[in-house]
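The structure under discussion appears below in the form of structure tokens.
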Amino acid sequence: NAGVTQTPKFQVLKTGQSMTLQCAQDMNHNSMYWYRQDPGMGLRLIYYSASEGTTDKGEVPNGYNVSRLNKREFSLRLESAAPSQTSVYFCASSLSRDTLSGANVLTFGAGSRLTVL
Amino acid sequence: DAKTTQPPSMDCAEGRAANLPCNHSTISGNEYVYWYRQIHSQGPQYIIHGLKNNETNEMASLIITEDRKSSTLILPHATLRDTAVYYCIVGRGAGGYNKLIFGAGTRLAVHP
């Protein structure tokens with residue numbers, strides 16, 4: 001039972017290069033999220049997908065695009081990387097259909113550390 | 001979504017109870033209180049959540065005040081492994097707006 005899997009774990013880019021961070025979950029969750037975490041700070045929401053076929057902006061969406069490829073996969077794309085996007089990126093998913101309590105509990109991946117030179 | 005206020009850091013002796021406070025004075029009636037923790041640079045780990053009543057699980061207890069404006073996470077017997085950043089978040093449940101906003105959290109240091 002892998003949970004939430006992110007690839008790659010580490011990546012170094014040059015300014016202006018593009019790349020895609022991949023995220024997959026095997027828990028049949030409906031909602032998926034991308035957060036970034038800068039050194040010494042909390043997590044900030046970039047984009048989220050409440051359900052398959054929908055995506056919405058979070059707190060810091062500029063410079064990113066997302067694709068909810070199917071129910072399992074949610075990718076984050078940097079079209080033209082900038083040094084300000086150097087960060088650790090976390091993907092998360094949630095059932096969003098918790099019939100017991102109605103709560104929305106997130107399961108996180110291990111993170112992808114991105115450095116933009 | 002309501003915002004939360006937490007102390008930036010706390011200390012606790014190993015074996016003692018760690019009581020982590022959180023203020024969420026603007027919480028609305030359908031918003032839950034969630035607690036997560038992050039050890040080193042790992043992905044955040046869910047601990048517990050509650051709506052109105054106090055809750056307990058194998059990891060911790062959550063005490064929510066009657067007016068729901070604040071809460072306390074209790075780790076009953078802290079160990080060195082509990083050293084982490086603890087995040088208190090409020091947000092709507094599964095049927096509503098699903099965005100959860102993390103603040104800076106409380107850095108808990110458990111010492112021998």
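Numbers for the structure displayed
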read-out: Cα pair distances of the protein assembly as shown binned at 10 Å [whole percent]; value: 8, 33, 35, 20, 5, 0
read-out: Partners for residue B:69 among lysines (Cα-Cα distance below 18 Å; same-chain residues under 8 apart left out); value: B:3, B:52
read-out: Burial ordering of A:12, B:110, A:4, fewest other beta-carbon atoms within 10 Å first; value: A:12, B:110, A:4
read-out: Interatomic Cα distance distribution for region A:1-116, bins of 10 angstrom, percent; value: 15, 49, 29, 6, 1
read-out: Order of A:64, A:33 - criterion: other Cβ atoms within 10 Å of each residue's Cβ, fewest first; value: A:64, A:33
read-out: Shielding of B:101-110 by partner chains, average beta-carbon count, 10 Å; value: 3
read-out: Contact order relative to length of chain A, as percent, for alpha carbon pairs under 8 angstrom and 6 or more apart; value: 35
read-out: Amide H partners (placed H, <5 Å) of residue B:107, local residues excluded; value: B:9, B:10, B:86
read-out: Chain A - charge dipole about Cα centre, Lys and Arg +1 at Cβ, Asp and Glu -1, debye rounded to 20; value: 200
read-out: Peptide A:109-116 - average C-beta neighbours from other chains (10 Å radius); value: 1
read-out: Semi-axis lengths, Å, region B:30-112, gyration tensor of Cα atoms, sqrt of 5 times eigenvalues; value: 22, 16, 10
read-out: Any cysteine of the protein assembly as shown lacking a neighbouring Cys Cβ under 4.7 Å - listed by number; value: B:12
read-out: Residue order, fewest to most beta carbons within 10 Å, for A:56, B:11; value: B:11, A:56
read-out: Computed over chain B: relative contact order in percent, which uses C-alpha pairs under 8 Å that are six or more apart; value: 37
read-out: Within 10 Å of each Cβ in A:29-38, the average number of Cβ atoms from other chains; value: 2
read-out: Virtual spin-label span in nm between residue B:81 and residue A:52, 7 Å along Cα→Cβ; value: 3.7
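Every number here is computed from the coordinates shown, using simple stated rules; none is lab data. Note that this is a predicted model, so its numbers are computed, not measured. Because the Cβ atoms are built from the backbone with ideal geometry, glycine has one as well, and the counts that use them run over all protein chains shown.
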